[in-house]
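For reference, the structure is listed below as structure tokens.
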């Protein structure tokens, strides 16, 4: 339709508003209650314009073909001015002292000619609430526009805010009126971002002094890939705000990505290299880069010369950029001569890469995040996205509150489980049985898409045979889920027109994690919801910011960049031709195999990039023994981690806010990372450090810049042939596969055919097999480990921010019935012990866990949960079984807590 705005004609889509027409014409109309992320309400009336002779609010008035709009008509402007004066009547004059770039009110006043003299003679005196470390409330600046309340409800889905008081005294109220820090607020910052007056602000923006600059980058926390603007003042990060209109987060963020940036200026940042000059028993001492790198290179060369290239190994980083991971695997293969390079996807999503490749052909999620907006049913399995991936969790909440179905498969009662139509609360380790049970019902009740199966899938007959042994009654015995609940879940999912599957580490981190991924993928194939225009596919929720990209770039012992098998001669030749060095033929060691090889005396040197394996890997005692057995341990990190404390050489690295490159998120979207501040002291990017080490070993890695590294990766990996920094800077993020410069990338996979050898989705006939470790008389509880909202991974970043005020210590979640039986009160110190060690934690009584099950996270070094976890691993990929550890529980004995790795009794 066509609308004339003043003297300009604009074309608009159906459903557009007059405000959209005015903006399309390049004109400005002030607004106060309007936020493009929220449904318009038209309550403030400062956007009044003349529409065909009538004065109407631009934000809520639908545009119509032939309409004439006059934004500057004086009658409308006068009415808008009066409305603004009423809004401002109770505000103190300092409301205009807020910088215009941080206050829509100030900008509105300037546009409509409302000045301090227009403000009320009796301003509010309602005080402040600065109890929350990040969200600061100045009640006197609140105009009761309700944007913060609606942001919390419509976007975040937390419903933590309301309006309190009456008339002139109406003001935003957190929770039930308690201090903000004690309210249900999850710290996403959406209220701060939406507030038009500065009534809600954050510490870095309370300072009215001007910002020095803003840099757009991609978040370095979880794998969602939110776009962020980083605001700098005085050479430090002052504030971070989400990018409105960004393709992934759409102006939303979480408490980590939005606020937890203070670690960049922590006093204990590594700023100079450290070297253990006098052997293992000597302390780490400051050294020059030349000495530290020379020492590391000399020892690496000597070990390699004496014991062969298989005596050295590299652990790359899911926190590092794509370009750094590409360089790390090239350094391992072309300089050190080994395929023993791996990354932390081995510990989390290796079963995803294996299972999705076997089922569909490629090692990534099948659909873009945006497809969730049209999903009419979600199956969320083994994931707690409202805590681990809050932007995803909020998007799911929005759809469910709008009427979409929800099935949650998780042993814990999570936030989403409370919203679910069906909560499948199976025993830890029973995933394969549960997914097979759902598949059984889908086929038995005619809920499968037979036409899709006949045309585009293989393996149905074999699957039917396995499913004979998985009726709901048997699955109930294996999982503890009632047959009726299993059937209801299958019917809800199977009757949906556009179902979506999202899963996390509760599916992968098991002895049969790959089987879990395969049997979960079966459900998408059986319903025809993958590889079709109508389906919303399968999305693995990645835990770390670049866990997808680290594997994409070839930081794997058996795959080169682009998932080209090391065993494939053509792939090796393609890389060798570009690198100018041969690629070893035999696959290298996986991370768990590296530790075993070190303890057995076969591995002499371990180079660890940005991973704290002492705290993140299972069976910490075994990891410690492996590091002690190595002749040389080199560690690159931002802080002196538990691993760095045991290293011979420690090299100070840059954080993601100090780097140039790209990350790849959970939906295969490649996005730019840009440096906002300089690294402190002598710290350098992992990219620069790898160049230094290679040079000291007499090799030239080429790729002088990250842009060159991505270009070289595109040359050796056909899957990424169309990716470059220049394209990403020009065109924005791109999904892989992107095989040529003229391609936009494939956001939705397999619309024509699957990438399997026969072009069909491969159904997997996998029977249920028990976990590696089960409870018994000595260890009667099952321990599950995971994450908490306020913290991330080993906590090295978030514990050095005000997030530590939101959660200052780890707890052990215990069901009240178990706590009562053992005489444990809330907050009591308890000892939890496995066959490998014991730790002491404070008990948290909660029915979020089932009787006989316990939960804790691994964010705090004084609560090293991985002392307890076992060495059992996925039989296909070696991914550790973090989600099932048999443990004993008792009130803690008097005396100091057990140290890391202390042997458990019994």
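Please name all residue pairs, on different chains or six or more residues apart, with Cβ atoms under 6 Å, provided the first residue is in segment 605-633 and is farther than 16 Å from residue 276 by Cβ and the second residue is part of a strand (DSSP E or B) and modelled with pLDDT under 95.
Qualifying pairs under 6 Å: 618/880.
Are there helices (runs of 4 or more DSSP H) fully within segment 66-185 with at least 3 residues that are crowded, with 22+ Cβ neighbours inside 10 Å and in the same structural domain as residue 21 (by TED's automatic domain parsing)? List them.
74-88
Restricting attention to segment 714-731, which residues are in contact (Cβ under 8 Å) with a residue 60 or more places away in the chain and either more than 24 Å from residue 539 (Cα to Cα) or not assigned by TED's automatic domain parsing to the domain that holds residue 670 (or both)?
715, 716, 725 - these are the residues of segment 714-731 that are in contact (Cβ under 8 Å) with a residue 60 or more places away in the chain and either more than 24 Å from residue 539 (Cα to Cα) or not assigned by TED's automatic domain parsing to the domain that holds residue 670 (or both).
Enumerate the pairs (first residue in segment 455-466 and at negative phi and in contact (Cβ under 8 Å) with a residue 12 or more places away in the chain; second residue anywhere and surrounded by fewer than 17 Cβ atoms within 10 Å (Cβ to Cβ) and part of a helix (DSSP H, G or I)) with beta-carbon separation below 9 Å, excluding pairs fewer than 6 apart on the same chain, so at least 6 apart or on different chains.
460/454
Picking from 779, 750, which residue would you name as being at pLDDT 95 or above and on the phi > 0 side of the Ramachandran plot?
One residue alone meets the criteria, 750.
For segment 44-59, enumerate the residues that are more than 18 Å from residue 28 (Cβ to Cβ) and either assigned to a loop (DSSP other than H, G, I, E, B) or outside the structural domain of residue 14 (by TED's automatic domain parsing) (or both).
52, 53, listed by residue number.
Can you tell me which residue in segment 327-346 is surrounded by the fewest Cβ atoms within 10 Å (Cβ to Cβ), limited to those that are touching a helix residue (DSSP H, G or I) at 6+ places or on another chain (Cβ under 7 Å) and over 21 Å from residue 661 (Cα atoms)?
337
With the condition kept exactly as written, say whether any residue in segment 850-861 is touching a helix residue (DSSP H, G or I) at 6+ places or on another chain (Cβ under 6 Å) and surrounded by fewer than 21 Cβ atoms within 10 Å (Cβ to Cβ).
yes
Conditions (1) touching a strand residue (DSSP E or B) at 6+ places or on another chain (Cβ under 7 Å); (2) part of a strand (DSSP E or B); (3) at positive phi, marked per residue:
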{"position": "766", "(1), (2), (3)": "no, no, no"}
{"position": "774", "(1), (2), (3)": "yes, no, no"}
{"position": "794", "(1), (2), (3)": "no, no, no"}
{"position": "805", "(1), (2), (3)": "no, no, no"}
{"position": "818", "(1), (2), (3)": "no, no, no"}
{"position": "821", "(1), (2), (3)": "no, no, no"}
{"position": "830", "(1), (2), (3)": "yes, yes, no"}
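Go through segment 583-608 and give me each residue that's farther than 11 Å from residue 313 by Cα and under 25 Å from the mean Cα position of the chain (by Cα).
Once the filter is applied, which keeps residues that are farther than 11 Å from residue 313 by Cα and under 25 Å from the mean Cα position of the chain (by Cα), segment 583-608 yields only 592.
Considering segment 283-298 alone, what residues qualify as being surrounded by fewer than 19 Cβ atoms within 10 Å (Cβ to Cβ) and either in contact (Cβ under 8 Å) with a residue 12 or more places away in the chain or assigned to a helix (DSSP H, G or I) (or both)?
284, 286, 288, 289, 290, 291, 294, 298
Go through segment 417-433 and count every residue that is touching a strand residue (DSSP E or B) at 6+ places or on another chain (Cβ under 6 Å), part of a helix (DSSP H, G or I) and buried (at least 24 other Cβ atoms within 10 Å of the Cβ).
Residues meeting the conditions: 0.
Looking at 319, 280, 304, can you tell me which residue is surrounded by fewer than 16 Cβ atoms within 10 Å (Cβ to Cβ) and in contact (Cβ under 8 Å) with a residue 24 or more places away in the chain?
That would be 280, the only listed residue that is surrounded by fewer than 16 Cβ atoms within 10 Å (Cβ to Cβ) and in contact (Cβ under 8 Å) with a residue 24 or more places away in the chain.
Among residues belonging to segment 705-722 that are touching a helix residue (DSSP H, G or I) at 6+ places or on another chain (Cβ under 8 Å) and over 21 Å from residue 572 (Cα atoms), point out the one that is surrounded by the fewest Cβ atoms within 10 Å (Cβ to Cβ).
That would be 707.
The values are calculated or read from the model by the stated rules, or taken from the named source; none is laboratory data. This structure is a prediction, so every number in the text was calculated from the model and none was measured. FYI the Cβ positions are ideal-geometry reconstructions off the backbone, even for glycines, and counts take in every protein chain you see.
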